[in-house]
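To start, the structure under review is shown below, and the notes come after it.
Readers should treat all values here as calculations from the given coordinates under stated rules, not as data from a laboratory. Keep in mind it's a predicted model, so treat the numbers as computed, not measured. Glycine gets a Cβ as well: all are built from the backbone with ideal geometry, and neighbour counts include every protein chain shown.
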């Protein structure tokens, strides 16, 4: 992953709105871009969901995919790059068929999760808007294992950095920690999220202990205890009453 060189003032600057000239003119980092500092801190550029979040909160992907069960309207033979889906009872990335616009799924990952073609993953090159409840997807590469209409289940996932927010349940592992307040807004905002190095994180922890997502407030961290089933996010290096300094484990690079 190519790193961007930035100063601390860039990292903690106010979020950019997608209506701002800087975003529209391409003068901002792309979603998923990374930057690193000599002290070990690492950051990734993310798009934020409408709900606001506060600095120090754990943020993660708020659009986890749900399997589409046998959605193909026609079989896809080996060598074809076209998949036709009927979304009459399904959503993609939280949107019903009528809300899916042309090419809104570009660069999303399409994975076969069950049945014919299981285990293969493809990148979406383009998609049509829905005709009724049917959309047509063109892949960057042709399928290498045939798909059918009776057994092939599909997962479609977007760039996980594209719609993040404070976690409100153990949905996905957090991407990292938001380093400044991001106000609620119906307009999408973009800002940096810290994913490695020393960070100030919401949660009162004990120095020297590994920390995990809190099962009380999932946007915060808590001490890892015996029998805990969650992955360790890092180690508390200095305890605080509401926020603690956590050496975040690098889980992205």
Notebook entry, point to check: So for the chain: antiparallel DSSP bridges make up what percent, rounded to the nearest 5?
Noted result: 95
Check: Would you list 148, 253 from fewest to most Cβ contacts within 10 Å?
Finding: 253, 148
Notebook entry, point to check: By how many nm would the segment from residue 38 to residue 230 lengthen if fully extended, with 0.36 nm per residue of separation less the alpha-carbon distance?
Noted result: 66.2 nm
Item checked: Calculated P(r) of the range 82-157 - Cα pairs past 17 Å, % -> 38
Check: Can you give me the Cα centroid spacing of the range 194-253 and the range 82-111 in angstrom?
Finding: 36
Note to self: Let me test this: with uniform point scatterers at the alpha carbons of the range 120-191, what is the Debye-based log₁₀ I(q)/I(0) at q = 0.27 1/Å?
What the structure shows: -1.37
Next item on the list: Work out how far the C-alpha atoms of the range 53-95 reach from end to end along every principal axis, then list the three figures in whole Å, largest first.
Entry: 49, 25, 13
Notebook entry, point to check: Which label marks the calculated value of mean projected area of the Cα convex hull in nm², given the options (1) 13.4; (2) 15.1; (3) 19.6?
Noted result: (2)
Checklist line | Per-selection metrics, the range 75-219 (Cα): Rg and Dmax in Å | finding: 19.3, 57
Margin query: I need the shape label for the range 1-145. Rule: rounded when a/c is under 1.5, else prolate if a/b > b/c, else oblate, with a, b, c from the alpha carbon gyration tensor.
Written below: prolate
Item checked: For the range 82-157: relative contact order, % (alpha-carbon pairs under 8 angstrom, 6 or more apart) -> 38
Note to self: Once the convex hull of the alpha carbons of the range 183-253 is built, what does its volume come to per residue, in cubic angstrom?
What the structure shows: 117
Check: Using 0.36 nm per residue, how much length does the chain from residue 150 to residue 106 gain when fully extended, once their Cα-Cα distance is taken away?
Finding: 13.3 nm
